[in-house]
There are 2 protein chains.
Amino acid sequence: MSQRKVISLETIRVACRNCSLSSLCLPMGLTAEDVERLDGIVKRTRPLHRGDFLFRDGDRFRSLYVVKTGSVKTFAPSPEGGEQVLGFHLPGEIIGLDAIDKDAHACSAKVLETSAICEIPFSRLEELTATIPSLQHQMYRLLSKEIGHDTDMLLLLGKKNAEERLAAFLLSLSRRLQKRGLSATDFYLSMSRHEIGNYLGLAVETVSRLFTRFQDDGLMRVDRKHIQLLDVHALQSLVGGAGQNRRQHQQQT
Amino acid sequence: MSQRKVISLETIRVACRNCSLSSLCLPMGLTAEDVERLDGIVKRTRPLHRGDFLFRDGDRFRSLYVVKTGSVKTFAPSPEGGEQVLGFHLPGEIIGLDAIDKDAHACSAKVLETSAICEIPFSRLEELTATIPSLQHQMYRLLSKEIGHDTDMLLLLGKKNAEERLAAFLLSLSRRLQKRGLSATDFYLSMSRHEIGNYLGLAVETVSRLFTRFQDDGLMRVDRKHIQLLDVHALQSLVGGAGQNRRQHQQQT
DNA sequence: ATGTTCGCTTGATGCAGGTCAAGCGACGGT
DNA sequence: ACCGTCGCTTGACCTGCATCAAGCGAACAT
C-alpha cells in the first residue's frame, strides 16, 4: 500500500532468494537449491497499474499470482449482477488457489494500485512439488491457510455487527502490514469505502459513519485514505464482541 | 441422512475400491493399483453416534476424515463463547483440511447421526501423494474446492437475505444428496433448526418462519425433520435473488 | 480558473430480521 | 402411562443497518 513511485525494472528482476517476502511466500523453509529451482519457473511481469486485471472470472486457470508490492482485490459476480469482494491481497499473498479445482477462475482479480506481481505457472509448480516434499507440504499449508482465512470471514459475516466487522478489518490490515515490515498503525487504504463495505457486507454509508465514530472516540485518525490507528487495544476489544451485551446464538445438541 | 439402522461391521470393512463414494472421494481418477495403496493407509472406525466428536478445536492435527454414511457438522468457537457452524458434511465429503496449516484443528467436528467415518492419517497420505502425481493433483483440487465452497458461503452471508439463504441451503443439500444417489426432493434433516440458523447467520425463529412460509407457498412440505421439495425450480429462482427488487451493491473503480 | 465527476459524508426514514415471550407437541426416561 | 425436557412454532415488538436524499470537496480535464 502507499506505493506511489513506479517500480524500477531493477527491482522486478530480483529473484526469490533475494525477495524480502520469501518468508511469507512459497520459498518458506526451502533449501537454497530448491529455491533456485522454484525461481526458475517464476515469471516476473512488468508493473501493473490500477484497474488492470490479473485474470477474470471464467478465464482458464494457468497460473498462481503472488503480490510483490502493491495490492489486489478479488471479487466474484453475484447472480443479480452485483459483485462480492472476496479479499484484498497484500505483498506476499497468493492469488488464484480457488481456481485449481475447476481449472478455471471463478473470480476476477483487479490491481488496486501500481503493483509488482509474480506469476507461477501451476503445471510447472505441480511438477516441482512432486519432487520437493517440503514444497509440497508448503503448498498444502498455503491452501489450508486460505481455508482457515475464509472460515474467519464466515464467522465475521455470520456473527459480528458492523462495528466489530470494521474493527476486525482494520486490525487485519494492520497485522498483515506489520508482518511485511510496514507500519502497523499508519497506512493508506488502496481500496474505496465502497469496496470495504462490499467486502464486509455493509453499506458504504455505514462504513463512512463508523470511520467517523471511531475517530470521534479517539480510536483512530482518518484523512481520506490515510489511516492512523491510535488505540489498537480498544479496537481489539471491540472485535472480541465486548461491544455491548451482544447476545450470541448458543448451540446445543 | 436418514440413516437410521446401525451399520453392520460388514459394510464398514469394505475397501475404497468397492466404496460407492469413490467417485466423490480421494480415489477419484486413480488406477486400481494406486487405489490399493491408498486403501492401505485408510482406517475404518466403528460406527460413531450422535454427539461423538471426530476432533475438537485445539486438537493436534493427525488425520483427515471422510464421511462414509451419516452426517457431521463442523463449528468454530467465536470469541464471545458462542459458536459458528461452518458446515454440514455428507457422505463423500472430507473434513479437516483447514487444520493442515497450523498443524492443529481450529474447529470441532461433531457427528449428527449414526455415521461411518474413514480416517486418513495425513502424514501417510502426504508421502503417498509425493509418489502418485494424480493423487497429488486430486488433493490440490480438493483443497481448492473447499476454498471455492467457502467463497460461495461468503457471497451468501454477505449479499443474500434470509429467504435466499434458506433456499440456497435446501438446494445445496438436495444437489449433494442427489450426487450420492439419494433422493433430491425427499430427505431428513439431521441438524436442528438452531444449527441451520447458526450456519446461515439467521435466528432460529427466522428459519422456522421461512419453513412455514415456503410450505404455505407450495414450495415444499415440512414435517419435523422430514423435508420434501415440491418446486425446485421456484426455489432456484428465489436464490437467484429475483426475490424482489433487491438492490445490489454495485462496484465501481 | 472553472466545471464536472466521483468518492465520501451526513441526516432522515423504513424495514428485515433479531429479540422477547408464550405455548405446544415429540421424544426419552423412569 | 406419565412427566420433564427440548426443539420448534407463532405472535408482538424493537433496533441496527440499509436505503433514500442531499450536499461537499478533491482530483482531473479543458
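No value in this document is a laboratory result; all are computed from the given coordinates. Model, not experiment: these values are computed from the prediction. Backbone-built Cβ (ideal geometry, glycine too); neighbour counts: all protein chains shown.
Per-residue mean of other chain beta-carbon atoms within 10 angstrom of the beta-carbon, peptide B:200-207?
Values: counts 1, 8, 2, 2, 1, 0, 0, 0.
Per residue, the number of nearby Cβ atoms from other chains is 2 on average.
Determine ³J(HN,Hα), in whole Hz, for all residues of segment A:201-209 in sequence, where each value follows from phi through the Karplus function 6.51 cos²θ - 1.76 cosθ + 1.60 and θ = phi - 60°; x replaces Gly and Pro.
With coefficients 6.51, -1.76 and 1.60, one gets x, 10, 7, 3, 4, 5, 4, 4, 4 Hz.
How well do other chains shield peptide A:82-93, expressed as the mean number of their Cβ atoms within 10 Å of each residue Cβ?
The per-residue average across the peptide is 3.
For a footprinting-style exposure proxy, rank A:Arg60, B:Arg165, B:Arg62 by other Cβ within 10 Å, fewest first.
A:Arg60, B:Arg62, B:Arg165
So what is the relative contact order of chain B, in percent, for Cα pairs below 8 Å that sit 6 or more residues apart? Numbers along the way, then the final one.
On the way: 391 pairs, mean separation 48.5, N = 253.
Relative contact order comes out at 19 percent.
Can you return the lysines within cross-link range of B:Lys145? Criterion is Cα-Cα under 23 Å, with same-chain partners fewer than 8 residues away left out.
A:Lys73, A:Lys102, A:Lys110, A:Lys145, B:Lys68, B:Lys73, B:Lys102, B:Lys110, B:Lys159, B:Lys160, B:Lys179
Tell me, what is the FRET efficiency for A:Arg46 and B:Asp223 to the nearest 0.05, using R0 = 51 angstrom and their Cβ-Cβ distance as r?
Values: r = 63 Å, r/R0 = 1.23.
E between A:Arg46 and B:Asp223, to the nearest 0.05, is 0.20.
How far apart, in nanometres, would the label points at B:Thr131 and A:Leu230 be if each is projected 7 angstrom from Cα along the Cα-to-Cβ direction?
6.3 nm
Go ahead and estimate [θ] at 222 nm for the protein assembly as shown from helices alone: -39,500 (n - 2.57) per DSSP H run with n ≥ 4, summed, over the residue count, rounded to 500.
Estimated from H runs of four or more residues: -12000 deg cm²/dmol.
Would you grab the residues whose amide H sits under 5 Å from the one on A:Ser190? Only those 5+ places off in sequence or on another chain, please, with H modelled 1.01 Å from N.
For A:Ser190, whose amide H was placed from the backbone, there are no distant partners under 5 Å.
What residues of segment B:105-147 lie in the reach of a label at B:Asp59, counting those whose backbone N is under 20 Å from a point 7 Å from the Cα along Cα→Cβ?
Those under the cut-off are B:105-126.
From the label point of B:Glu80, set 7 Å from Cα along Cα→Cβ, how far away are the matching label points in the other copies, in nm, ordered shortest to longest?
In nanometres, ordered from closest: 2.6.
Post the alpha-carbon centroid distance, segment B:39-113 to segment A:126-200, in whole angstrom.
Segment B:39-113 and segment A:126-200 have Cα centres spaced 23 Å from each other.
Just want the ordering: A:Val35, B:Val204, from fewest to most Cβ atoms lying within 10 Å of their own Cβ.
Listed from fewest to most nearby Cβ atoms, that is B:Val204, A:Val35.
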